[in-house]
Number of protein chains: 2
Amino acid sequence: MRAKMADYSPVRGSMVIMPYGYAIWEKIQEVLGKMIKDAGVKNAYFPLLIPLSFLQKEAEHIEGFAPEVAIVTHAGDKELEEKLVIRPTSETIIYSKFADWIQSYRDLPLKINQWCNVVRWEKRTTPFLRTSEFLWQEGHTAHATKQEAEEEVMQILNIYGDFIEEHLAMYGVKGYKTESEKFAGADYTTTIEALMRDGKALQSGTSHLLSQSFVKSFDVKFLDKDGKEQYVWTTSWAVSTRIIGGLIMMHGDDKGLVLPPKIAPVQAIIVPIYKSENQAEVMEFVAKVEKQLAIAGVRFETDNTDNSPGYKFADAELRGIPVRLEVGPKDAADNSVMAVKRVDGTKSAIKVDTLVDELPALLETIQAQMLARAKQFTQDNTNSVSSYDDFKQVAESKIGFIEAYFCGDTALEKQIQEETKYTSRCVPLETFAKEGKCFMTGAPGKLTLFAKAY
Amino acid sequence: MRAKMADYSPVRGSMVIMPYGYAIWEKIQEVLGKMIKDAGVKNAYFPLLIPLSFLQKEAEHIEGFAPEVAIVTHAGDKELEEKLVIRPTSETIIYSKFADWIQSYRDLPLKINQWCNVVRWEKRTTPFLRTSEFLWQEGHTAHATKQEAEEEVMQILNIYGDFIEEHLAMYGVKGYKTESEKFAGADYTTTIEALMRDGKALQSGTSHLLSQSFVKSFDVKFLDKDGKEQYVWTTSWAVSTRIIGGLIMMHGDDKGLVLPPKIAPVQAIIVPIYKSENQAEVMEFVAKVEKQLAIAGVRFETDNTDNSPGYKFADAELRGIPVRLEVGPKDAADNSVMAVKRVDGTKSAIKVDTLVDELPALLETIQAQMLARAKQFTQDNTNSVSSYDDFKQVAESKIGFIEAYFCGDTALEKQIQEETKYTSRCVPLETFAKEGKCFMTGAPGKLTLFAKAY
C-alpha cells in the first residue's frame, strides 16, 4: 500500500491496482505473453458471463466453484431467464466453442489463451495474494492424444518455471498436486510452489490435464485420421496477479519492496544531493548521468522533489527500486555516481563514462543474486521428517516446507491440516520416481512437500 | 464471422473475439496505448463490480445507465447485502479513489487509464458494433481548473483522431454531441463520427468534460495554491472494440474485409502456385521471398494448404490481407512476385531483390489510398439541406450524413428521429463558430451532422 502498488476498494475483497503495481503486471504480460505466443498459442477473448448451467455440466467443477461464484440475476431492468455467473475460470464457455470449431484432426491442436479478469468470492482476502477479483491469463488447449496433451501441460509448466526464475528471480518447486488440492475437474494438476519469506507457500502458476468428463459434457469430438470419432484431450493453465503478491512476499523486507531488475518498472533512481551553492554543478552532472542511462536502455527516474535525501532514500527503498544512484558534489567532482543496491545495501562508485556497461552489468548481478537468495532460503527452510510426531514438532517450531514420504490419502491430509494448518503443496517432479514409507501410515508414498499456504 | 474475427457466444448479446479479431485489438492496444502513455496518462486497474449506490449518487448517470446494467445479487452462496453492478463505465468507483488520492494541487493533474471489459445490456446486438460486453480503454483525469480539463478533452480527441486516421485509415468528423446524445453525467461530450460504407454513422471515440455534480457527489476536493478548498474538474474518454466494427464497415466490401496495412495482423500473404513437376523450384523461390519479407519487417504468412489457388485467393480476400503475393513458376523464373492489392485488385510485378524496399512502400501507398477513399466517401455522401422537407427527402432517397443548421432543441431531435430515423451525430468543431438559420425553427443554429447510427 505505501509503495502505491495497490489500494483497497469500496467493494469487499476487491482491490485497486495502482499504476506502480499495474506497470509490473504489464511487464509480466509483455514477457510471459511473448513466451506463450512463441509456444504456438493464440490470444482470444471469451465472454465474462457464463450460463450457470454450463458450470453444472461437469460435476466436480461446479462442486469446486459453486461456493465462490458471483451470480447475475438481473440485467437491463429485468430478471434473467437463466442465471449467469461471472467467470471464475473459462473452461466451460471455451469448450462450448471448441465443440463448434473442432471437426477433424486437422483442427488440432487448438491452442487459445486469454488475458482477463475472473471473480471468485473469497472469505478472507489480502491484496494481490487473494482477492475476489483478479487478473490472469488462462490458456486452454485441445489435442488429439493424451500424450500430446500431457506434453503441453509440462511445456507450459516449464515456461512458467523459466519465467518466474529468469524474470521474477523467484524460486519454486515444480510438482503434482495431490487429489485434494487439484483443480476442480482436472485429471491432475501440476504446480509451482514457492516459499515466501514468512515461510508460507504460494502457488505460482498451475497447469492442468483436464478430465475427459469435461469434453464429454460439451461434446468436443473430432474425426481422427482413420475417420473414427474421438474426444479431444484438453489442458488449461494460468498465472494470475497473485504472482505479484509472490514477488512482494518472496523478496521484500522491512523497508519495503525489493524488485528484481528485469521486472522493475523503475530499475534505477537518481537522487541528486546538493546545497544551493552547488546545485548547478550537481544538476549539470545529473544530466550527464541521465544521458548515459538512456543510452544504456535502463528504465530510470530522477527524484527531483523537494524532499530531503534521507526521505528520498527511504522512498526508493519502499518502492524496491533495484539501484539508487546518489549524486552529490563530490561524486560530480569525481565524475562518478555512488550506486547502492537495494537487495543488500552495498555501495560502489561507478565512473560516469563506464555507466553504459556497468549499470546493466550491476542489474544482472542483482537479478542473479536475488534468485540465488530465494533458492537458498527455500533450501534452508525445508525440513525432512519421517514421523507425524516429528512433523508436528517442526510445524510448531519452524517455518517453511516440510518434506515427507506420504501416501496421498485425502482423509489424512484433512487431519494434518486440521491439526497443524499444513497442507500438501506438491509432490515434486524431481523426486517423483522415488518411493518411501508414508510418515502417517507406513504404506508406500511419494516425497511430498507440506506447508502453510496463502 | 467467415473471416474468423468473431463468433457468436451462448450468452445473449455477447461475442467471442477469435484470434484474428483479437490480434487487431492487440495492435490497437499497442499503438493507442503508447499514444495515451505518451500523453502522461498511467495505466491502472479498478474493480469490475461497483456498488449500485455509487451509480445512484449522480442523478443523470444512473438515469442513463439504469436500463443497461447487469446486477449481481448473490455471491459465494449468499445474497449480497448491497447489490453490485458490473461496470458499465468506471467514473463512480474511480472518483471514490480520487477522493482519497487527491489532497492538494500538487496531486494534480491525475491521469489514469484502464484497459478492461464493461457490460451494458443491449436490446439489439451486432458483433463488434454493439455487444452486451465489450472491451475498451477508459481514461479518467482530474485537473485543478476547468480550462486544463477542457484542454485534456481536446488533446485526447485529437489523439483519437490521429489514431484512427493514421493507423486505421478511417475518416471521421470531430464535433460536439448535442444535449440528447451526450454521455450521462457529462457537461459536454466530444466525439468522432465516422461514416460507414452502408451510410450509417459510427461513434468512433468520445471524450467528455464531466459535470461537477460527479465530483461533488464523491467529494473530490483539493487545496489550491492559496490553501482554498476546491472541487477538481474531470474528464473521461474511451475507445472500444466497436472501432473494429468500424474498421470492418468502413473498408470492407462484398468479398470480405479490407484491412489497412498498419493494423493488419497479416500484411502480406504468399500464395505459391505450382504443379508437381515445378513444386521444388517454386518453393525454393518462395523461401527467398520469405527471407526478404522477414528482413523488411513485414508481417506475412505463406498459404501452404492443399487448397486450390482460387480458394486461397478468396480466403486471403475474405481476411482482408492488404497484399497477396502470387508466386508461380513464371514468377520464379523471372525472379519476381506478382503483388495484388486487396483494396482495388491492381497487380504489379516486384523483383525479389527490391522487395525489401518496394513492399513496405506499397503498404504505405495502400494505407494512404484507403484513408483518401474513406474521406472521399464521406464527402460524397454528405448532403446539405435547409428545410425539413429537403431533410426528409434526402433521408428517404440517399445514404450518409445530412448537414444542416440546427438549434439543438431536444424535443425536435426526438421528432426528427421518430419521423426519419436520423439522429444528430455531432456539431463539427471545424464549423462550430458559424451560425445559420435552424432548418426546423429558423432560430439561430449551429451546423450539425445527422445520420442513421449504429
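Below is a table of values for the structure above.
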| read-out | value |
| --- | --- |
| Computed [θ] at 222 nm, deg cm²/dmol, the protein assembly as shown (DSSP H ≥ 4; -39,500 (n - 2.57); rounded to nearest 500) | -11000 deg cm²/dmol |
| Between 0 and 90°, nearest 10: helix B:309-318 axis offset from chain B longest Cα axis | 10 |
| Nitroxide proxy distance, nm - points 7 Å out along Cα→Cβ at B:Asn381 and A:Ala368 | 6.3 |
| Under 20 Å, Cα to Cα: Lys pairs in segment B:384-451, sequence gap 8 or more or different chains | 9 |
| In segment A:1-92, the trypsin sites (Lys or Arg not before Pro) that fall in loop regions by DSSP, at most 11 other Cβ within 10 Å | A:Arg2 |
| Shape of segment B:268-362, Cα gyration tensor, a/c cut at 1.5 | oblate |
| Convex hull volume of chain B per residue (C-alpha atoms, cubic angstrom) | 172 |
| Inter-copy label distances at A:Ala280 (7 Å, Cα→Cβ; nm, one decimal) | 7.8 |
| Reachable lysines from B:Lys83, criterion Cα separation under 21 angstrom, eight or more residues apart if same chain | A:Lys78, A:Lys83, A:Lys123, B:Lys57, B:Lys97 |
| Qualifying trypsin sites (Lys or Arg not before Pro) in segment B:345-454, DSSP loop, other Cβ atoms within 10 Å at most 16 | B:Lys398, B:Lys421, B:Lys434 |
| Gain upon complete extension [A:Ala39, A:Ser348; 0.36 nm per residue less C-alpha separation] | 107.1 nm |
| Those aspartates and glutamates that a straight Cα-Cα span of less than 13 Å connects to A:Lys146, excepting residues fewer than 8 apart in one chain | A:Asp187 |
| Model label zone, A:Gln29; criterion: amide N under 20 Å from point 7 Å along Cα-to-beta-carbon; scope segment A:109-126 | A:112-120 |
| Gyration tensor verdict on segment B:53-105 (Cα atoms; rounded if a/c is under 1.5, prolate if a/b is larger than b/c, oblate otherwise) | oblate |
| Two-site FRET efficiency, A:Ala294 against A:Leu429, from Cβ-Cβ distance with R₀ of 51 Å, rounded to 0.05 | 0.75 |
| Sequence-distant lysines (8 or more away, or on other chains) whose Cα lies within less than 23 Å of B:Lys341 | B:Lys4, B:Lys27, B:Lys255, B:Lys262, B:Lys288, B:Lys291, B:Lys312, B:Lys330, B:Lys351, B:Lys375 |
| Within-13-Å neighbourhood charge of B:Lys312 [Cβ basis; K, R +1; D, E -1] | -4 |
| Modelled label reach - B:Thr145, point 7 Å along Cα→Cβ, segment B:207-231 residues with backbone N closer than 20 Å | B:209-212, B:221-231 |
| Percentage relative contact order, chain B, counting C-alpha pairs under 8 Å, at least six apart | 14 |
| Rough spin-label spacing in nm, given labels placed 7 Å along Cα→Cβ, for A:Lys221 and A:Lys392 | 5.5 |
| Sorted peptide list for A:294-304, B:177-187, criterion being average Cβ within 10 angstrom, highest first | B:177-187, A:294-304 |
| The protein assembly as shown shape via C-alpha gyration tensor axes, a/c threshold 1.5 | rounded |
| Helix B:242-251 axis, angle to chain B major axis (alpha carbon atoms, nearest 10°) | 50 |
| Filtered GluC sites (Glu not before Pro), segment A:182-286: DSSP coil and at most 14 other beta carbons within 10 Å | none |
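Values quoted throughout were computed directly from the atomic coordinates according to the rules given, and no laboratory measurement underlies them. If you're wondering where the values come from, they're calculated on a predicted model, not measured in any experiment. Counting neighbours? That spans all protein chains shown, and the Cβs are built from the backbone with ideal geometry, glycine included.
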